[in-house]
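Let me begin by presenting the structure, written as structure tokens, before commenting on it.
Read the figures in this text as sums done on the coordinates, not as results from a lab. Every value quoted in this text rests on a predicted model; they were computed, and no experiment measured them. Note: ideal-geometry Cβ built from the backbone for every residue, glycine included; neighbour counts use all protein chains shown.
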Amino acid sequence: MSLNFSMFWTLTILMFAVACLFVVIPFVKFNRAQSAKGLKSDWYKSRLTELEGELQRGQFSQQEFDAAVTELKLTATAELKLEQTSDGVADDDAGDKHSVPSEASSAGLMRTYLIAAIVIVAAVVFPAYHYYGEQDKLVQWQAALERMPVLTSQVLNDQNATPSDEDLRDFALGLRTKLQHDPKAIGWMLLGRNLQLLGDLNGAIDAFDKSYRMDPNSIGNMVSLATALQQNGEPGDYKRSIRVLNNVLTLDPQNLTALILVAEGQMLDEQFTESLTGFKLVSRVMSPNDNRYQAVQQRIDYLSLNAVDTNNADTTPVDVANRIDVSINIDVVISASVNLNEFKTLFVFAKKPGLPMPLAVKKIPVTKDMFTNNTFNITLTESDVMVPSMSLANQPSVELFARLSIDDEAPLQTGDLEATLANLMLPSDDTVVLNIKKEGK
């Protein structure tokens, strides 16, 4: 849709034409009727009353009365025509002269009223439109729509571009217009991220919510929504961000960004103990080369001084002195087709069924001589448990994972190889075998 200001003038003229048709013309007719009524009201009604009185007194018959009334009407009609063509001065039946507005003078008066009305309307409407119609914003909107191809390339595709705030606002304006005609989840997510960059957090959250309703399984949108909620910091936003991130971890339990944001949200919500546990988990699966690693360590140092209240923990603390230690002995076996040179880290971890984050984890750098006869033996013990308030001894069963990763990051990605074992009953005295092989081999 493009702007066409000639349409404004067309509609304005049409508005005045309609006003004349439905307002001015009926008013003119009414004025004429009132003038005609004034011409007859004085002498016509007076004479009619006199005739009716004479009839009642028996001065003439009904036939004579009817003839007199007919003559009176004819006289009134002739007088009306005469008055409409005269200079506005009429004689009544008594011979007295009185002033009566003629059709010409009435039309002239109406023209004066109409011209005055048009001038007043124009004097009010056009200045009001100029000052309050925000015509400049309409022009900006048209310009933004025309620049959309360039803005899209600059904002979305050009990695080296640094769009200005004005460019971002124009892109948001154009994108919002397109979404009104063709709403899509990815479009609302892009609008939310754009508004987030502009600092419009409420607008960003609203856009992310629209995208979430259209595509509730979009991990990228959920992470963006949780981030905006934590930045907004209104009552209830932190808890809501945690709920959204738990949905992310249900779909992708190893999503490192979601794990970090959960711990961050808990810290902002003053759940210091849970937050400390979460950041410790993140630090154990995060590569020291990750640019977020130092910030996570700073959070741990801060929370170690503040997370002194353990009464709000989600689970009951384990009696370490009296608990029975449980260990899981695992043989990680790789097929001959696996080239260890392609991998950097071996992750071995146990998960409680239904729990997004691992229960116990070991992270071992991959070396050429770590596997003997393609087998590497490892044991998960209570010392590998991530959450201090939980224990392997408290779990009736666990899920086991062994993953060769191409980097130091815990989340599963393209190129990683993984073996799993579900429903391992605890305690177990047998050695569990996890076979890692390439797909199809």
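Points to keep in mind about this one:
- Per-peptide average of other Cβ atoms within 10 Å, ordering 412-425, 49-62, 392-405 highest first: 392-405, 412-425, 49-62
- Between Glu342 and Ile13, the modelled labels are 7.5 nm apart [label points 7 Å from Cα along Cα→Cβ].
- Alpha-carbon centroids, the range 396-415 and the range 227-290: separation in whole Å: 20 Å
- For the pair Ile118 and Val432 in one chain, pulling the backbone fully straight at 0.36 nm per residue adds 103.7 nm over the alpha carbon distance.
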